[in-house]
Amino acid sequence: MRYFTSRGGVALLLLVVVPLLVLVIPLTTARSASPGSYTALLAAAKEEGKIVVSGPNFDPDDVKVLEREFKKRFGFPVQVISDPGHVRELPARVAGGAKYDVINGSGITAGQIDELVGLQQVDWSIFPEEGFPGIMDNYADRSRPGIPCLLYFRFTWAFVYNTEMLSPKELPRRMEDLTDPKWKGRFVLSDLAVPLDMLALQWDYEEGKRRMVDLARRLKANNPILASGGSPGAVAKVIAGEASIAAAAFGSAMGPIDKGAPIALWPFKEPEVGATRAMQPGLSMNICTVKNAPHPNMAQLFTAWLSTQLPAEVAVNRGHFRPFREGDTSFIAKFYREHGITKDQFLTHVNEAQEKQRKDVYTEAAKIYAGLQK
């Protein structure tokens, strides 16, 4: 201690400490503005100013809302370029060279994009919880553990019926009921063969596939009206009165219902005979940042924002909800509560084996619907 109280000791101490301070201050400043920080990401996203999205299929009204609400939330604009194609076409477009910043899809689709061009590994923890509520929960809830995505939304299938053609007491309780001769030629099926693929998850692989492929044959034999383009096409036919009822994605009916279309929703009411799991067919969708994206910083910011704070107008229009968490107050959650259906009664794939089960049932059932397989 005596050494450092001498004049020479003080000089020596200054020679040691001052250079250290000079080194520490720049290093500290560099860390706070590192590429991994939220502040640096915001600045870089502002410079990019654009996002190219595929999978959500936002229509022009959605795009206007997204651009308006993004600027309101972050204080700077973004130009949203939305690919209008269906998510099922996404892998082929990427394989053909299409470049995207952000994609959405099931675990199957996300896995395909990861294999084709890669998905960006992102440290989602840099996004503050107060500004992006539940972001780490959404990371934990992605539909496949191996992908670096966030839960975007969950949705489900239900019956959509024309209220001018059917009353609630006439409605079926399960897909099996549509094989009854009284429904011959009066119902719509999507050419995508959903939700039979999800309903197969009520059993193990072999049993689920056998039952749902057989059901596809019996439904086809009852002269359904086939709709192209998935659930929106099926709902459009019910609205037009071409058929009285369809099995369709919940969200495809919500926009038309809000606009006064003469349709209503009806849930699946009973499990299939011998089922060992719940009966409400659902699907978890992920939102992911593409590796080597044209606008990488905006891609991360936009992905985090959509996963946690999707504007309500877009959510209603697209049927994009996260309805199966405790305390949820969305329309879809309220609907199922009114019918006595809990979140534990929803089917969704939870691993790659179940993804394969879904895909195999979907492929065979779609061939049967199209008349390519007996």
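Return a yes/no flag: does the range 316-327 have any residue that is among the aliphatic types (A, V, I, L, M), at pLDDT below 70 and crowded, with 17+ Cβ neighbours inside 10 Å. Scanning the range 316-327 turns up at least one residue that is among the aliphatic types (A, V, I, L, M), at pLDDT below 70 and crowded, with 17+ Cβ neighbours inside 10 Å.
For the range 273-285, state whether one or more residues are surrounded by fewer than 17 Cβ atoms within 10 Å (Cβ to Cβ), β-branched (Val, Ile, Thr) and farther than 29 Å from SER54 by Cα. Yes, there is a match, as at least one residue in the range 273-285 is surrounded by fewer than 17 Cβ atoms within 10 Å (Cβ to Cβ), β-branched (Val, Ile, Thr) and farther than 29 Å from SER54 by Cα. Only one of (1) modelled with pLDDT of 80 or more; (2) within 24 Å of PHE153 (Cα to Cα) is not met by ALA40, so which one is it? Of (1) modelled with pLDDT of 80 or more; (2) within 24 Å of PHE153 (Cα to Cα), only one is false for ALA40: (2). A count restricted to the range 41-71 and to residues that are under 24 Å from SER284 (Cβ atoms), assigned to a strand (DSSP E or B) and not β-branched (Val, Ile, Thr) stands at 1. From the list GLN120, GLN112, the lone residue that is over 24 Å from VAL314 (Cβ atoms), assigned by TED's automatic domain parsing to the domain that holds PRO56 and either of a type outside the set (Ser, Thr, Tyr) or at pLDDT below 95 (or both) is GLN112. Among the residues of the range 180-233, how many are among the hydrophobic types (A, V, I, L, M, F, W, C), in contact with a strand residue (DSSP E or B) (Cβ under 7 Å, 6 or more places away or on another chain) and not in a loop (DSSP other than H, G, I, E, B)? Residues meeting the conditions: 10. Quick check, is SER167 under 23 Å from HIS339 (Cβ atoms), free of Cβ contacts under 8 Å to residues at least 40 places away in the same chain and surrounded by fewer than 20 Cβ atoms within 10 Å (Cβ to Cβ)? In short, yes.
Consider TRP203 carefully, then state whether it is under 22 Å from the mean Cα position of the chain (by Cα) and surrounded by 17 or more Cβ atoms within 10 Å (Cβ to Cβ).
On the way: under 22 Å from the mean Cα position of the chain (by Cα): no; surrounded by 17 or more Cβ atoms within 10 Å (Cβ to Cβ): yes.
No.
The values are calculated or read from the model by the stated rules, or taken from the named source; none is laboratory data. All figures in this text were calculated on a predicted structure; none of them were measured in a lab. Cβ atoms come from the backbone with ideal geometry, glycine included; neighbour counts cover every protein chain shown.
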